[in-house]
Number of protein chains: 2
Amino acid sequence: MENYLDNLPTPALVVDVAGVTRNCRNMKNRMAAHGVLLRPHMKTAKTVEVGQLATDAGVGAITVSTLAEAAFFAEHGFLDITYAVVMAADKIAEAADVQRRYDAQLTLLLDNVETSRAVAAAAARETARFATLIEIDTGDHRTGVDPCAEELIELGKTISAADNLELRGVLTHAGQAYECKSRAEVAKVAEEERRGIVLAAERLRQAGFVCDVVSAGSTPTAVCAESLEGITEMRPGNFVYFDLFQHGLGVCGLDDIAASVLATVIGHSRAHNHLIVDAGGIALSKDKSANRFFKDGGFGWVVDALSGERIADLRVGEVDQEHGFIVSDTTVPFERIPIGSRVRILPNHSCMTAAAYSCCYAVDAGAGRVEGVWRRVGGWRWP
Amino acid sequence: MENYLDNLPTPALVVDVAGVTRNCRNMKNRMAAHGVLLRPHMKTAKTVEVGQLATDAGVGAITVSTLAEAAFFAEHGFLDITYAVVMAADKIAEAADVQRRYDAQLTLLLDNVETSRAVAAAAARETARFATLIEIDTGDHRTGVDPCAEELIELGKTISAADNLELRGVLTHAGQAYECKSRAEVAKVAEEERRGIVLAAERLRQAGFVCDVVSAGSTPTAVCAESLEGITEMRPGNFVYFDLFQHGLGVCGLDDIAASVLATVIGHSRAHNHLIVDAGGIALSKDKSANRFFKDGGFGWVVDALSGERIADLRVGEVDQEHGFIVSDTTVPFERIPIGSRVRILPNHSCMTAAAYSCCYAVDAGAGRVEGVWRRVGGWRWP
């Protein structure tokens, strides 16, 4: 057995160390050039090692999508954590526990007066105090208040009046960037995002509130924004691995995709012109987002396990729970990919694909060498 | 806090104990009436407790979709296990380890001569011996050999000639049942499945091979088959929980769906007529299969957390990673579902949805009482 490709159990999530390192360096340089803090979102990688690569101090400021991530990263020394999902009062006990146990600082998100009062009351019961940001809707229409809304000032008052909450600033996520079709469109959304969040910050300041944090960003807007003036921090997450969707959007090259699924060929069906691999709907996720850009996107593209080069037009055309069907518009090159051999599959959406794995293998993909096993924090509970 | 709905962390996978118990009893009765063994597929529940409910002896014969499931169930006393994904030679060391460690019997699936030889050689290197079944393609065209193919007899010869393999019979999965639109269509597929697998068994017997096991079945075909003559065992899995897809297909009632996702309402957007819950693409999966039957299927239907009754036409219309958008064709009843309240979401495809959770809460849903926490075996490694 010459290299890792013969040894790893499949399906496996593999991460190319050189790729993720380069992606992190590029984003750090980009944010430094704009003069803003990179507060990377750990929702994609969910590993300490990527957190270390993506922050300057090694254990710098981060963003998380679950309180399990908050606890996991705090346990590993990341003590400045923004939980970027609007807070619910019944999650306060758990958030307070993370702060107490690790002496960490969690920053929470609020977007309405009623919840803010309930969160403040819950924090008081826990004798905990939380930094908070007001979530602003800059066009995604998910959560958050309109930058022009009266409620923004109401929220400023409610939070400032609460003993157990401290208002630090505003936060937005221009998720509508994921509806774009090109970098040029994303650049426009990035400017909408910037104008909206800066306007909200200015309104709060004019009303007499502190607004030190002006937080924005997704991977597309962080990559494509021309100006970040007035913004203090950006929170991209997907950039550590990228994926076929980001490639389709023009946000990364195919070579920048640093995460893939290693799979074993378990069947040939010449009669039906497909290969079967042991990576199915759970191993790849059922996310088909990249099909907006690639009519042959399927559930991911098939690349050579070592070189990372796409093999013909092969993609995972269909999935069952533990089976992936690799198809082609012409004839599948069965001879090149015998039963028992291995391929890698580039994911449509790396956040969703990675979610199925409790660890990833950090590899030098070109050399076929495993350099480490990185634990991932999945689900909604840690430990 | 009166009941579990106020106490469980969300998102959470909840399983109604009465529902899963009834689903298991009904399937056991159905298979007993046909005179065939129920070898339930653990791919859906992946919990010991459901394995105990679904088998007669408490730790009876089961089917698994991963070697992690095999190891987990063997550790808990289930010693007669069929691994129903066609075997790869490089998984033999792991399979042998499960047999040795727990004194279990794994039955493996083979569908081509080349792999059979490689698997036999790997088994010899491990000084292990495996029971095997030949996989038959009865119309799904995934893996397996055609019941009429010459290769079937070749495979019989190859396996019988291998010292470390024992030929026990044949196995099929009529996955095309999932392409059907009604019970009547499923009943036809069930008969195709039966005829195909019985034909394969007869051909092997006529050629002088033992064929004691004639294994078939999916949930749709197990529910809808009129005759199972010649079949010795059935392997449905989804029936323990069912889901919106099976309901759309006519295979279960809406009341039979025993697994759902408990979520907290974290936002109201009256301007955009949606609610936001803390169950998104990871918590629900991105499986939209039930949309074939229900134009308003979305990513799952919203039901009252206690009664289980659907709330108006509410469904999860869109998902982000940790956000679900609950929408309606009319006006969302915001007053009925305030921020901070909880709902349950019926999954499109319970196997995929459950895969995101490392445990499920076994509840008396109507009473709102938690009766236990059932550990799930996820991923591809155990322990």
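For region B:319-334, which residues satisfy the criterion of being away from chain A (no Cβ under 13 Å) and of a type in the set (Asp, Glu)?
The first filter runs over region B:319-334 and keeps only residues away from chain A (no Cβ under 13 Å), leaving B:328-333.
Selection gives B:Asp329 alone.
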Check your understanding: Counting only residues that are within 14 Å of another protein chain (Cβ to nearest Cβ) and of a type in the set (Val, Ile, Thr), which one in region A:229-276 is farthest from A:Ile339 (Cα to Cα)?
Key -> A:Val261
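Condition check ((1) closer than 20 Å to B:Ser341 by Cα; (2) out of contact with any Ser or Thr (no Cβ under 8 Å at 6 or more places or on another chain); (3) part of a strand (DSSP E or B)) across all residues:
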{"position": "A:Asp56", "(1), (2), (3)": "no, yes, no"}
{"position": "A:Gly60", "(1), (2), (3)": "no, yes, no"}
{"position": "A:Phe72", "(1), (2), (3)": "no, yes, no"}
{"position": "A:Ile81", "(1), (2), (3)": "no, no, yes"}
{"position": "A:Ala93", "(1), (2), (3)": "yes, yes, no"}
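Could you grab me the full set of residues in region B:306-343 that are hydrophobic (A, V, I, L, M, F, W, C) and at positive phi?
Hit for region B:306-343 is B:Ala312, nothing else.
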Review point. Within the set of pairs 6+ apart or on separate chains, which have a first residue in region A:283-309 that is under 13 Å from A:Leu244 (Cβ atoms) and more than 14 Å from chain B (Cβ to nearest Cβ), a second that is hydroxyl-bearing (Ser, Thr, Tyr) and in a loop (DSSP other than H, G, I, E, B), and C-beta atoms under 9 Å apart?
Key: A:Asp296/A:Ser328
Check your understanding: Could you say which residue among A:Ala12, A:Ala61 is closer than 17 Å to A:Ala258 by Cβ and in contact (Cβ under 8 Å) with a residue 60 or more places away in the chain?
Key -> A:Ala12
Check your understanding: If you scan region A:1-21, which residues turn out to be at pLDDT below 95 and either outside any helix (DSSP H, G or I) or facing chain B (nearest Cβ under 10 Å) (or both)?
Key -> A:Met1, A:Glu2, A:Asn3, A:Asp6, A:Asn7, A:Leu8, A:Pro9
Check your understanding: In this structure, does A:Ser358 turn out to be surrounded by fewer than 24 Cβ atoms within 10 Å (Cβ to Cβ) and within 12 Å of chain B (Cβ to nearest Cβ)?
Key -> yes
Check your understanding: So is A:Arg315 farther than 30 Å from A:Ala70 by Cα, surrounded by 15 or more Cβ atoms within 10 Å (Cβ to Cβ) and without any contact (Cβ under 8 Å) to a residue 40 or more places away in the chain or not?
Key -> yes
Practice item. Of all residues in region A:64-110, count the ones that are within 14 Å of another protein chain (Cβ to nearest Cβ) and within 22 Å of the chain's Cα centre (by Cα). Key: 22
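How many residues does region B:7-50 hold that are under 22 Å from B:Ser358 (Cβ atoms) and either touching a helix residue (DSSP H, G or I) at 6+ places or on another chain (Cβ under 7 Å) or of a type outside the set (Gly, Ala, Ser) (or both)? It would help to see each step written out before you state the result.
The first filter runs over region B:7-50 and keeps only residues under 22 Å from B:Ser358 (Cβ atoms), leaving B:7-17, B:19-20, B:40-50.
Now restrict to residues that are either touching a helix residue (DSSP H, G or I) at 6+ places or on another chain (Cβ under 7 Å) or of a type outside the set (Gly, Ala, Ser) (or both): B:7-11, B:13-17, B:19-20, B:40-50.
Matching residues across region B:7-50 total 23.
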Exercise for review: Taking only region A:363-373 into account, find how many residues are buried (at least 20 other Cβ atoms within 10 Å of the Cβ) and in a strand (DSSP E or B).
Suggested key: 1
**Study point:** region B:22-44 residues that are assigned to a loop (DSSP other than H, G, I, E, B), paired with ones that are among the charged types (D, E, K, R) (beta carbon under 6 Å, 6 or more apart)
**Key:** B:Val36/B:Glu233; B:Arg39/B:Glu233; B:Arg39/B:Arg235; B:Met42/B:Glu69
Exercise for review: Taking B:Arg39 as the residue in question, decide whether it is modelled with pLDDT of 95 or more and surrounded by 24 or more Cβ atoms within 10 Å (Cβ to Cβ).
Suggested key: yes
Check your understanding: Of the residues in region A:72-91, how many are surrounded by fewer than 24 Cβ atoms within 10 Å (Cβ to Cβ) and farther than 22 Å from A:Asp111 by Cα?
Key -> 4
Review point. Strands (runs of 3 or more DSSP E) wholly in region B:265-360 with at least 2 residues that are of a type outside the set (Lys, Arg) and more than 30 Å from B:Val251 (Cβ to Cβ) - which ones?
Key: B:274-277
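The values are calculated or read from the model by the stated rules, or taken from the named source; none is laboratory data. Keep in mind that what you see is a predicted model, and the values were worked out from it rather than measured. Cβ sites come from the backbone with ideal geometry, for glycine too, and all protein chains shown count toward neighbours.
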